[in-house]
Amino acid sequence: MIQEVLVIIIFAVAVFYLGRIVWKQFTAKQACATGCAKCSAVDFAKIESELKKKGI
């Protein structure tokens, strides 16, 4: 009986965790869809201007 309860609790926590990850991906305010928050640290406009200067 206790094993079943523990498995159900672990399963519920795992479903909650995965649901939270999916929810963050759909509500991300970054330009990319991953929601990892790393994209905001990169200045894409600066990178693009440097590439244009180099002719790439």
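One residue is enough: does the stretch 1-16 have a residue meeting the conditions modelled with pLDDT under 75 and outside any helix (DSSP H, G or I)? Among the residues of the stretch 1-16, not one is modelled with pLDDT under 75 and outside any helix (DSSP H, G or I), which makes the answer no. Within the stretch 17-48, take every residue that is hydroxyl-bearing (Ser, Thr, Tyr) and surrounded by fewer than 11 Cβ atoms within 10 Å (Cβ to Cβ) and give me the one that is modelled with the lowest pLDDT. Among those that are hydroxyl-bearing (Ser, Thr, Tyr) and surrounded by fewer than 11 Cβ atoms within 10 Å (Cβ to Cβ), it is 27.
The values are calculated or read from the model by the stated rules, or taken from the named source; none is laboratory data. Small disclaimer: the values here were computed from a predicted structure and weren't measured. With ideal geometry, Cβ positions are generated from the backbone for all residues, glycine too; neighbour counts draw on all protein chains shown.
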